[in-house]
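Enquirer: The structure follows.
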Amino acid sequence: MSRIGRMPIAIPDGVTVTIAENNQVTVKGPKGTLERVLPAEMDIKQEGSEIIVTRPNDLKKMKSLHGLTRTLIHNMVVGVTAGYEKTLEVNGVGYRASKSGNKLTLNLGYSHPVEMSDPEGLEAVVDGNKIIVKGIDKEKVGQYAAEIRDKRRPEPYKGKGIKYADEVIRRKVGKTGKK
């Protein structure tokens, strides 16, 4: 049986979870509200201050949906209580990031500055050469961070570009002169 799917999801104080028909789960917490329609095959029940996800049978598809459904609900509960954040670093001479209002301006060695506006429910904070993306939806935080990183990916020779704070760039040795 799915080890992740079997684990109950604890609901902390101040969080309310409502399960409507078609497995539409709404999680309300101190940081906001998240709503998601989950696979209809899964059986989602609230027992006291825990949510338990069960699957109808042991088909391969059901096994994979079991763990996924449980993880999605857990991510929603964590999002409305603690929230999520991803940290990016801007490395390179003359590479800069600045913020004004909800516009993120990146100077990345192109002939023009790259401007991005924060999606709804997300916030990007610039701290020196770091960009911190914060929000309650794990999926959206990761997606926006990936879009920022895509504007100038780190290159393997000098390590210039935008990288995740925990990312390790595999460095390559440059050209060598003729003898």
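The values are calculated or read from the model by the stated rules, or taken from the named source; none is laboratory data. Bear in mind that the values here come from a model prediction, so they are computed numbers and not experimental data. Every residue, glycine as well, gets a Cβ built from its backbone with ideal geometry; the counts of neighbours run over all protein chains shown. In case anyone asks, the SASA skips ligands and DNA or RNA and just uses the protein heavy atoms, side chains included. Shrake-Rupley method; radii C 1.70, N 1.55, O 1.52, S 1.80 Å.
Enquirer: Is it true that LEU108 is touching a residue at least 12 places away in the same chain (Cβ under 8 Å) and under 21 Å from the mean Cα position of the chain (by Cα)?
Expert: On the way: touching a residue at least 12 places away in the same chain (Cβ under 8 Å): yes; under 21 Å from the mean Cα position of the chain (by Cα): no.
So LEU108 fails the test.
Enquirer: In the stretch 66-103, what count of residues is obtained for those that are in a helix (DSSP H, G or I) and open to solvent by less than 30 Å² (accessible area, probe 1.4 Å)? If you could, list the steps in order and put the result at the bottom.
Expert: Taking the stretch 66-103 as the starting set, the residues that turn out to be in a helix (DSSP H, G or I) are 66-81.
Within this subset, residues satisfying the condition of being open to solvent by less than 30 Å² (accessible area, probe 1.4 Å) are 66-67, 69-70, 73, 76-77, 79-80.
The qualifying residues number 9.
Enquirer: Which one is farthest from LYS86 (Cα to Cα) among residues in the stretch 104-125 that are open to solvent by 40 Å² or more (accessible area, probe 1.4 Å) and in contact with a strand residue (DSSP E or B) (Cβ under 6 Å, 6 or more places away or on another chain)? Give the derivation first.
Expert: Initially, the stretch 104-125 is screened for residues open to solvent by 40 Å² or more (accessible area, probe 1.4 Å), giving 107, 109-113, 115, 117, 119-121, 123, 125.
Within this subset, residues satisfying the condition of being in contact with a strand residue (DSSP E or B) (Cβ under 6 Å, 6 or more places away or on another chain) are 107, 113, 115, 117, 121, 123, 125.
Numbers: ASN107: 20, PRO113: 22, GLU115: 19, SER117: 17, GLY121: 14, GLU123: 11, VAL125: 10 Å.
Across the stretch 104-125, the extreme among qualifying residues is PRO113.
Enquirer: What are the residues in the stretch 1-25 that are hydroxyl-bearing (Ser, Thr, Tyr) and under 18 Å from GLY67 (Cα atoms), if any? Please lay out each step first, then the result.
Expert: Taking the stretch 1-25 first, the residues hydroxyl-bearing (Ser, Thr, Tyr) are 2, 16, 18.
Passing the criteria: only SER2.
Okay, residues lined up against (1) out of contact with any Asp or Glu (no Cβ under 9 Å at 6 or more places or on another chain); (2) in a loop (DSSP other than H, G, I, E, B); (3) more than 19 Å from GLU35 (Cβ to Cβ):
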{"site": "VAL126", "(1), (2), (3)": "yes, no, yes"}
{"site": "VAL133", "(1), (2), (3)": "no, no, yes"}
{"site": "GLU139", "(1), (2), (3)": "yes, no, no"}
{"site": "GLY142", "(1), (2), (3)": "yes, no, no"}
{"site": "GLU155", "(1), (2), (3)": "yes, yes, yes"}
{"site": "GLY159", "(1), (2), (3)": "yes, yes, yes"}
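Enquirer: Here's a follow-up. Which number in (1) open to solvent by 40 Å² or more (accessible area, probe 1.4 Å); (2) farther than 30 Å from PRO30 by Cα; (3) not small (Gly, Ala, Ser) marks the one condition that PRO154 misses?
Expert: So the condition that PRO154 fails would be (1).
Enquirer: Please go through the stretch 157-179 and give me each residue that is touching a Phe, Trp or Tyr at 6+ places or on another chain (Cβ under 7 Å) and either open to solvent by 90 Å² or more (accessible area, probe 1.4 Å) or among the hydrophobic types (A, V, I, L, M, F, W, C) (or both), ordered by number.
Expert: The one that is touching a Phe, Trp or Tyr at 6+ places or on another chain (Cβ under 7 Å) and either open to solvent by 90 Å² or more (accessible area, probe 1.4 Å) or among the hydrophobic types (A, V, I, L, M, F, W, C) (or both): LYS172.
Enquirer: Is it true that ILE9 is among the β-branched types (Val, Ile, Thr), in contact with a His (Cβ under 6 Å, 6 or more places away or on another chain) and crowded, with 19+ Cβ neighbours inside 10 Å?
Expert: Numbers: among the β-branched types (Val, Ile, Thr): yes; in contact with a His (Cβ under 6 Å, 6 or more places away or on another chain): yes; crowded, with 19+ Cβ neighbours inside 10 Å: yes.
Yes, satisfied.
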